[in-house]
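Trainee: First the structure, then my questions, so here it is.
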Amino acid sequence: MAMPKLRHKPTCSKKLNVLTLSLMVFTIIFSFSRMSKAFYYSGYGAIFYFIIGGLFFFLPYSLMLTEYGITFNKEKGGIYGFLKNVLGEKIAFIATSMWYFSFVILITNLSFSIWIPLSNFLYGQDISHNLNYLGLEGLPVLGLLCILLVIATTIIVSFGITLVKQIAVIGGTFVLIINVILIFCGLVVFLANDGVVASGASAIILNKSGTAVADIELFNFVICTFFGMELIVGLCDEIKNAPKALSLGIGISSLTILGFYFLGILILGIFLNWEIFAIQNINLENIIYLLMNNLGYSVSISLGASANTALKIGMYFEKFMGLSVFFIQLAMYFIILYSPLKQFFMGTPSNMWPKKFGVVKNGVPINVLIFQATILIVFIAIICIGGGEYFKLISLMTLIPSTIPCILLAFSFPFFKTNEEIKKPIEMFKTVNSITIFSILITFLVIVTDIVLIGAPLYEGQIAEGILIFIGPFVFTSISYFIYSMYEIGAVERVSSK
């Protein structure tokens, strides 16, 4: 049975090139916050986790996705199309629908958290929960800002990939700027102090507690840092000269990100005494602002500034970090608002949904975009009227479903490679051993990550949270299976009536 096509209108959206692709990857994958937290937990030992995670998960998985993207570069459904061509339409639908919904939950949470860095930039602290406007106070005001953000970004996304790309490039540029500042200032401090670093040999540990459980949790933390490449590679039909751009863009950005993590952790140890830093009671949500403040202070003192001047410069560094993180998160917001929706609804059969969902303008299923915005506004309203705890339960249930496509793409990679009917313009993995080893390894690592996600709250006595994380994929699989079954029944009835 031929798949009905979505009704397209001509689009003038420009394609992604190597540079924009790389900057979008920086926006999604690199996290200064996660790097800082890893250093807090394990000092220079964090380098070990990032190297292992990079070599055995991030790089091979990125290459796998690149090969999928090059092979299926005409698929408007992105990873839905990848899975459909290898494992079949039903599995693709179930996996991608769970993946899509997990990002709806993520962007709801991001709608609230995105105001924290902006608040730090404007006021030097987080006042996002203490706002007052028109007689409203606290969470309702924040909720109003979140709703306005959803409406504004939805309008911009409705114009297609061109504007999304431009905003994403701004986010990726700020990632580069932050890393250049960190590395340059760190080297200035290093040279000014005659090569003496603040963190000595004592910072070379695997974790503060020294337990195997902490080792596993830290490695799990690093693996989670590398998730999200599907968001970018899944836009393969929007990429100019996909074989070349994907190969170069994903390759360059992946290696650069690993280099930034390696150098970044080394630099943190130059101006931070880990022994003192690690025993402090620090709010990890604000750790990046503390570190940038410390960097500004340290480089100023190294260059001979007075203590008062150094404190002011540290404050300016902290404010710049707030501005940078705001733009990075805003860029991420646009990508997440656009990419999962585009991949899921542009890939699935149009007669699975209401007719109006099939209308496409500027390369975007416009009515689906409006529907998504409505769902986001409803979720925000629920949180603001006291339903935050209930929403947290749903968030927990989406943790594992967000990883299902990753597991299936890695697991099915050998079947994809051995399918001679699928023409592969460029092959990243050329030997049977490399294909099999990395397929098994990546699948295993992600499954272990999911097991740790379930086990961590159970280990800490939070039984309800562990159970919710565990049952999440079963609940969403059941819902997705039911929707697809209704589509199959409808398809049979349509064929019978002809």
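What follows draws every value from the coordinates through simple rules; no lab data is involved. All of these numbers come straight from a predicted model, not from anything done at the bench. Cβ coordinates were reconstructed from backbone atoms using ideal geometry, including for glycine residues, and neighbour counts include every protein chain displayed.
Trainee: Once both axes come from the Cα atoms, what is the angle between helix 139-157 and the longest principal axis of the chain, in degrees from 0 to 90, rounded to 10?
Mentor: 60
Trainee: Here's a follow-up. Per the helix-only calculation at 222 nm, which mean residue ellipticity applies to the chain, given -39500 (n - 2.57) for every DSSP H run of n ≥ 4 and division by its residues, nearest 500 deg cm²/dmol?
Mentor: -23500 deg cm²/dmol
Trainee: Taking H placed 1.01 Å from N in the peptide plane, check which residues at least 5 places from L16 or on another chain put their amide H under 5 Å from its amide H.
Mentor: I239, K240
Trainee: If you fit an axis through the alpha-carbon atoms of helix 242-271 and take the longest principal axis of the Cα set of the chain, what angle between them do you get, 0 to 90°, nearest 10?
Mentor: 20
Trainee: Now for a different question. Report the Rg/Rh value for the chain, based on alpha-carbon coordinates and the Kirkwood definition of Rh.
Mentor: Working: Rg = 23.3 Å, Rh = 23.9 Å.
Ratio value, two decimals: 0.97.
Trainee: Ranked by Cβ crowding within 10 angstrom, fewest neighbours first, how are T477, T431, T398 ordered?
Mentor: T431, T477, T398
Trainee: Still on this model: Give the long-range amide H neighbours of I114: residues separated by 5 or more places, or on another chain, with amide H under 5 Å away, using H modelled in the peptide plane at 1.01 Å from N.
Mentor: none
Trainee: If I take R0 = 22 Å and measure r between the Cβ atoms of I447 and I479 in this structure, what FRET efficiency does the formula 1/(1 + (r/R0)^6) give, to the nearest 0.05? Display every interim value, and only then the final one.
Mentor: Details: r = 22 Å, r/R0 = 1.00.
Rounded to the nearest 0.05, the efficiency is 0.50.
Trainee: Right, another one. Kindly work out what percent of the DSSP beta bridges joining two residues of the chain are antiparallel, to the nearest 5. Could the numbers behind the result be given before it?
Mentor: Details: 5 of 8 bridges.
So the antiparallel bridges amount to about 60 percent of the total.
Trainee: Apply the Karplus curve 6.51 cos²θ - 1.76 cosθ + 1.60, θ = phi - 60°, to the phi angles in segment 112-126 and return the couplings in whole Hz, x for Gly and Pro.
Mentor: For segment 112-126, the Karplus-derived couplings read 8, 6, 5, 7, 5, x, 5, 5, 5, 5, 7, 10, x, 7, 8 Hz, x marking Gly and Pro.
Trainee: For segment 303-310, take each phi angle, set θ = phi - 60°, evaluate the Karplus expression 6.51 cos²θ - 1.76 cosθ + 1.60, and give the result in whole Hz per residue in order, putting x for glycine and proline.
Mentor: 8, x, 6, 6, 4, 5, 5, 4
Trainee: Additional query: Going by how many other beta carbons lie within 10 Å of each one, how would you line up C236, C224, C146, C185, fewest first? Working shown, then result.
Mentor: Working: C236 28, C224 19, C146 25, C185 22.
Least to most surrounded, the residues fall as C224, C185, C146, C236.
Trainee: For K361, list long-range residues whose amide hydrogen, built 1.01 Å from N in the peptide plane, is under 5 Å from its own amide hydrogen.
Mentor: Distant-sequence amide H within range of K361: I366.
Trainee: Shifting gears a bit: Tell me, what is the percent relative contact order of segment 120-180, built from C-alpha pairs under 8 Å that lie six or more residues apart? Please list the in-between numbers first.
Mentor: Working: 21 pairs, mean separation 8.5, N = 61.
Dividing the mean separation by the residue count of segment 120-180 yields 14 percent.
Trainee: Still on this structure, please answer the following. For a footprinting-style exposure proxy, rank K355, K392 by other Cβ within 10 Å, fewest first. Intermediate results must be reported in sequence, preceding the final value.
Mentor: Details: K355 10, K392 14.
Placing the least packed residue first, the sequence is K355, K392.
Trainee: Using each residue's phi in segment 413-421, evaluate 6.51 cos²θ - 1.76 cosθ + 1.60 at θ = phi - 60° and report the 3J(HN,Hα) Karplus result to the nearest Hz, with x for Gly and Pro.
Mentor: 4, x, 5, 4, 5, 8, 7, 6, 6
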